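A.B. asks: Provided herewith is a single structure, encoded as structure tokens, for subsequent inquiry.
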Amino acid sequence: MSLRKSWVTSANSAAHPFPLNNLPYGVFSTEDEAPCCGVAIGDMILDVTAAEAAGLIDLGDEPLFDAPMWNPLMEEGPAVWTALRARLVALLEDGANERAKVEVFLVPQAEAEMHMPFQVSEFTDFYAGRHHATNVGTMFRGAENALPPNWLHLPIGYNGRASSVVVSGTDIQRPWGQLKGPNDDAPRWGPSARFDIELEMGAIVGMASAGPLSVQEADDAIFGYVLLNDWSARDIQAWEYQPLGPFQAKATATSISPWIVTKAALDPFRCETPAREVELLDHLKDCGPMLYDIDLEVGLTPDGGSESVIARTNYKEMYYSSAQQLAHHATSGCPMNVGDLLGSGTISGPERGNRGSLLELSWGGTEPLELKTGETRSFIEDGDTLVLKGAAKGKGYCLGFGDCVGTVLPALNDPFAKS
Ligand code: MN
């Protein structure tokens, strides 16, 4: 696969995140206009809501893009997903004979505000990166017991909150909570002092199911991927997590990047999961290459300062693919819905510079990071802006995800203070 040329010339550069090969799906608005569906091409957005209304896109009896979300397209299923992508390529490729009709529906990205690209049905987060689980387990339980006994056999997960999933650019307020004290019997109430990020990918379920799924069926049901930041209050988490897992530590917010990169676009970047230390049970075995070679990085910018890249890793470091996570999720017969979001789990690599959370980067706060500004960080400070970036790099082109950005604001006044 090489760069496919578009008549939108900004899309034809090797370094541009949104070439014709990508065509990611988002929801945008411009000044005074209601949000609508759009496709990124170069530094422009094709307004597909308007293009459909004008008859340039016609995929069925009912309009698919008259609501500001991509769920209605997902509900149509894979044949229509493929038909839309083929139609978009036909409208936007170099030499397209409908160029003049399409051109009027292009909007500069610089003038657009991005919104949630889909309605999140439910959110589940996993713990499926081996380096992350080993690092965290070593900190909390010692190197001998780092991985729980089930870890190599199934992707551990918990049910999170769809209600606090927000789009990139949304400010994040530092949460209050019950914090672990120096002794296990003396918690205190306060703003989290160990607020953190988790660098993850989010898989979006595009097909509903009502019973167990094979790994292949699960892979077929995934519509696309976003970058995902699972904001985590480590001091709340440390106190609350046993025995049912994270709860309020993860409930403040989860940020996602604004553009859904489709599974179809990512197909040339498929790669194998790492070698298995123990054989998986048959129902979770790989059915082919189901991870993706996607370079990831995390930047931290202090208020008024310049950005330091604090971590670099790759999605292929995951032990379990999203398809295996979805298959495991449905083993009980748990119905899955269009718009379900599955967080991969924190993506860390083998070296210190590959760690996808500050908890790991600062080793629980004992080894603070040095930033370019000369400051140090163990956890997030008020005013820090965190950005996740992702790009799959092909020969002469790349597929970008659009940044996943969030600035942490100071905690509000104590919500329970007596005035
Ligand atoms: Mn997480």
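The values are calculated or read from the model by the stated rules, or taken from the named source; none is laboratory data. Bear in mind the structure is a predicted one, so any value in this text is a computation, not a measurement. Counting neighbours? That spans all protein chains shown, and the Cβs are built from the backbone with ideal geometry, glycine included. Only protein heavy atoms, including side chains, enter the accessible area calculation; ligands, DNA and RNA are left aside. Shrake-Rupley method; radii C 1.70, N 1.55, O 1.52, S 1.80 Å.
A.B. asks: Which value in Å is the Kirkwood Rh of the chain over different Cα pairs?
C.D. replies: It is 22.1 Å.
A.B. asks: Viscosity 1.002 mPa s, temperature 20 °C: give me the Stokes-Einstein translational D for segment 9-115 in µm²/s, with Rh taken as the Kirkwood radius over C-alpha pairs.
C.D. replies: Value of D from the Cα-based Kirkwood radius: 153 µm²/s.
A.B. asks: Hey, another quick one. Over segment 234-366, what per residue volume does the convex hull of the Cα atoms give, in whole Å³? Intermediate values should be presented prior to the final figure.
C.D. replies: Numbers: hull volume 24.4 nm³, N = 133.
Per residue, the Cα convex hull of segment 234-366 comes to 183 Å³.
A.B. asks: Give or take rounding to whole Å, what are the principal axis extents of the alpha carbon atoms in segment 3-43, in descending order?
C.D. replies: 34, 16, 15
A.B. asks: Whole-Hz ³J(HN,Hα) for each residue in segment 288-296, computed from phi via Karplus 6.51 cos²θ - 1.76 cosθ + 1.60 with θ = phi - 60°, x for glycine and proline: what do you get?
C.D. replies: These are the phi-based 3J(HN,Hα) values: x, x, 9, 9, 9, 7, 10, 6, 10 Hz.
A.B. asks: So what are the radius of gyration and Dmax for the Cα set of segment 336-386, in Å?
C.D. replies: When restricted to the Cα atoms of segment 336-386, Rg and Dmax are 14.6, 47 Å.
A.B. asks: How many percent of the accessible area of segment 352-409 is carbon or sulfur, using a 1.4 Å probe?
C.D. replies: Ligands and nucleic acids excluded, carbon and sulfur reach 48 percent.
A.B. asks: Based on alpha-carbon atoms only, what is the radius of gyration of segment 249-295 relative to the globular estimate 2.2 N^0.38 Å? Could the numbers behind the result be given before it?
C.D. replies: On the way: Rg = 15.1 Å, N = 47, 2.2 N^0.38 = 9.5 Å.
With N residues counted in segment 249-295, Rg over 2.2 N^0.38 Å equals 1.59.
A.B. asks: Taking only protein heavy atoms into account and a 1.4 Å probe, give the accessible area per residue of the chain in Å².
C.D. replies: 42
A.B. asks: Only Cα pairs under 8 Å and at least 6 apart count here; give the relative contact order of the chain as a rounded whole percent. Write down the numbers at each step before the final one.
C.D. replies: Values: 1035 pairs, mean separation 88.3, N = 419.
Once divided by the residue count of the chain, the mean separation gives 21 percent.
A.B. asks: Just need the relative contact order of segment 65-130 here, percent rounded to a whole number, with Cα pairs under 8 Å and 6+ apart.
C.D. replies: Details: 23 pairs, mean separation 27.1, N = 66.
Rounded, it is 41 percent for segment 65-130.
A.B. asks: Here is a follow-up. Which three extents, in angstrom, do the Cα atoms of segment 112-231 have along their principal axes, listed largest first?
C.D. replies: Result for segment 112-231: principal-axis Cα extents of 48, 42, 24 Å.
A.B. asks: For TRP176, tell me the accessible area in Å² from a 1.4 Å probe, rounded to the nearest 10.
C.D. replies: In the full protein context, TRP176 sits at about 60 Å².
A.B. asks: Pairs LYS316/LYS395; LYS5/LYS393; LYS180/LYS389; LYS263/LYS395; LYS101/LYS395: which exceed 26 Å Cα-Cα?
C.D. replies: In this structure, LYS180/LYS389; LYS101/LYS395 exceed 26 Å between Cα atoms.
A.B. asks: Over the residues of segment 183-282, compute the C-alpha Rg and express it relative to 2.2 N^0.38 Å. If you can, show how the numbers build up before the last one.
C.D. replies: Numbers: Rg = 18.2 Å, N = 100, 2.2 N^0.38 = 12.7 Å.
Taking the Cα Rg and dividing by 2.2 N^0.38 Å, one obtains 1.44.
A.B. asks: For segment 14-59, state which GluC sites (Glu not before Pro) are in a DSSP loop and have at most 16 other beta carbons lying within 10 Å of their beta carbon.
C.D. replies: GLU31, GLU33
A.B. asks: Working out 0.36 nm times the residue gap between SER164 and ASN413, then minus their Cα-Cα distance, what length gain in nm do you get to one decimal?
C.D. replies: 87.6 nm
A.B. asks: On to the next question. For GLU62 and SER332, compute 0.36 nm times the residue count separating them, minus their Cα-Cα distance, and round to one decimal in nm.
C.D. replies: 93.7 nm
A.B. asks: Once neighbouring chains are kept in place and the probe is 1.4 Å, which whole percent of the accessible area of segment 9-115 is contributed by carbon and sulfur?
C.D. replies: 50
A.B. asks: With point charges of +1 on the Cβ of Lys and Arg and -1 on the Cβ of Asp and Glu, referenced to the Cα centre of segment 9-115, which listed residue (LEU64, ILE45, ALA11) lies farthest in the positive direction of the dipole?
C.D. replies: So the residue furthest toward the plus end is ALA11.
A.B. asks: In addition: Based on alpha-carbon centroids, what's the gap between segment 127-171 and segment 194-259 in Å, whole number please?
C.D. replies: Distance between centres, Cα-based: 10 Å.
A.B. asks: Also: Work out how much length ARG141 to ALA193 would gain on full extension: take 0.36 nm times their residue separation and subtract the Cα-Cα distance, in nm to one decimal. Intermediate results must be reported in sequence, preceding the final value.
C.D. replies: Values: separation 52, 0.36 × 52 = 18.72 nm, distance 2.18 nm.
Net length gain for the segment: 16.5 nm.
A.B. asks: Counting pairs of Cα atoms in segment 208-258, how many percent are more than 14 Å apart?
C.D. replies: Details: 844 of 1275 pairs.
It works out to 66 percent of all Cα pairs.
A.B. asks: If you don't mind, there's one more thing I want to ask. Charges at C-beta only: +1 for Lys and Arg, -1 for Asp and Glu. How large is the resulting dipole of segment 9-115 about its Cα centre, in Debye rounded to 20?
C.D. replies: On the way: 4 positive and 18 negative charges, 93 e Å.
Dipole of segment 9-115, to the nearest 20 debye: 440 debye.
A.B. asks: Give the Rg/Rh ratio for segment 82-153, taking Rg as the radius of gyration of the Cα atoms and Rh as the Kirkwood radius, to two decimals.
C.D. replies: The Rg/Rh ratio comes out at 1.34.
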